[in-house]
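Take a look at the structure below.
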Amino acid sequence: MLIPNFYVDHILRMPADQWPDPVMRAFAKINKKIYIPMQGPSEMGASGKLVNWDRTADLPKITVPTLSIGARYDTMEPAQMEKIAKEVKKGRYLYCPKGSHLALYDDQQVYMSGLTQFILDVDAGRF
């Protein structure tokens, strides 16, 4: 019930019968013995061990180039992803306006262009 009513809106914005094979294989291999205690029994909100886990104060300690990617339809607010990019020492934010949690598939052009540019800039010492 989650796939047609939640996942196709926030995880991967395409009909579930068109999801790429790597996505389907990943979902088939989720270790529920670990995932459920960490996330909780519902995808609609965290209620497991991670519900109050917050490493925000540690973000300024991250000194390696960091790309934080936000997507309009993701379950994580894009503004929070942008905040992460601002808090780390060498952060860059990439926004995927058509994307969800798996923006590498549903906003692929923006995602891959931004990722590629980030890698090229890091390698060239421009970032």
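Per atom type, the chain shows carbon and sulfur on 57% of its accessible surface, probed at 1.4 Å. In the chain, what is the count of Lys pairs whose alpha carbons are under 13 Å apart, counting only pairs at least 8 residues apart or on separate chains? Lysine pair count for the chain: 4. Tell me the label only: which of (i) 15.2, 47; (ii) 13.3, 39; (iii) 16.1, 47 is Rg and Dmax of the Cα atoms in Å as calculated from this structure? Recomputing Rg and Dmax of the Cα atoms in Å here gives the entry labelled (iii). Kirkwood analysis of the range 1-56, using all unique Cα-Cα pairs, places the hydrodynamic radius at 12.7 Å.
A simple rule links phi to the HN-Hα coupling: the Karplus curve 6.51 cos²θ - 1.76 cosθ + 1.60 with θ = phi - 60°, which for the range 51-58 gives 4, 10, 6, 9, 10, 3, 4, 8 Hz, with x for Gly and Pro.
Provide the net charge surrounding D9, with neighbours chosen by a C-beta distance below 12 Å and charges set as Lys +1, Arg +1, Asp -1, Glu -1. So the environment of D9 carries a net charge of -1. Our coupling estimate for the range 29-38, obtained by passing each phi through the Karplus curve with A = 6.51, B = -1.76, C = 1.60 and θ = phi - 60°, is 9, 4, 8, 5, 5, 9, 4, 5, x, 7 Hz, Gly and Pro reported as x. If r is the Cβ-Cβ distance from K32 to K98 and R0 is 25 Å, what FRET efficiency results, to the nearest 0.05? Once rounded, the FRET efficiency stands at 0.25.
Taking square-rooted eigenvalues a ≥ b ≥ c of the alpha carbon gyration tensor, is the range 34-77 rounded, prolate or oblate, where a/c under 1.5 means rounded and, failing that, a/b exceeding b/c means prolate? Cα axes put the range 34-77 in the oblate bin.
If one computes the Cα centroid of the range 5-27 and of the range 67-127, what distance in Å separates the two points? After rounding, the separation between the Cα centres reads 20 Å.
The values are calculated or read from the model by the stated rules, or taken from the named source; none is laboratory data. Only a predicted model underlies this, so the values are computations on that prediction, with no experimental measurement involved. No Cβ is skipped: glycine too gets one built from the backbone with ideal geometry, and neighbour counts run over all protein chains shown. In case anyone asks, the SASA skips ligands and DNA or RNA and just uses the protein heavy atoms, side chains included. Shrake-Rupley method; radii C 1.70, N 1.55, O 1.52, S 1.80 Å.
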